[in-house]
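Only one structure is covered here, and it is reproduced in the block below.
The values are calculated or read from the model by the stated rules, or taken from the named source; none is laboratory data. On a predicted model such as this, the values are computed, not experimentally measured, just so you know. Glycine gets a Cβ as well: all are built from the backbone with ideal geometry, and neighbour counts include every protein chain shown. Keep in mind that these areas ignore ligands, DNA and RNA; they rest on the heavy atoms of the full protein, side chains included. Shrake-Rupley method; radii C 1.70, N 1.55, O 1.52, S 1.80 Å.
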Amino acid sequence: MTGFPQARMATQASGTWVLYVLTDAPCMEWPMHDFGRVTPMPTAQERVRALAAVGYAVSGGPEWEWNATPHSPAVRHLWAAIAVRSLTLASAGGEGA
């Protein structure tokens, strides 16, 4: 999956789930939501609410693309990605979000 904006959900070094939106801005400025927990994995509804809280919505379908880091001596990390759209741009264009 390529193109901006794109939401990703992954585990941080601490093991907690975080959702962030890749944009063309520097990575330190990407919108982010920390779920603050290791388990359970955030549900689809929780992810939708987290996206809305940072100003985005799923674009083009509800399916997240799941992947894992390559197997190595280090711990493997699961992550997911989905295309998103800005709620602010949709509102500015006169469309409902």
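Okay, here's what the table says:
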quantity: In nm, spacing of pseudo-spin labels at ALA68 and GLN45 (7 Å Cα→C-beta vector); calculated: 2.9 nm
quantity: Between 0 and 90°, nearest 10: helix 44-53 axis offset from the chain longest Cα axis; calculated: 60 degrees
quantity: Sulfur and carbon atoms: percent of accessible area, the stretch 1-92 [1.4 Å]; calculated: 61 percent
quantity: Under 12 Å from the VAL75 label point (7 Å along Cα→beta-carbon), backbone N, the stretch 23-62; calculated: 38-39
quantity: Surface per residue (accessible, 1.4 Å probe) for the chain, Å²; calculated: 62 Å²
quantity: Rough spin-label spacing in nm, given labels placed 7 Å along Cα→Cβ, for THR88 and ASP24; calculated: 1.5 nm
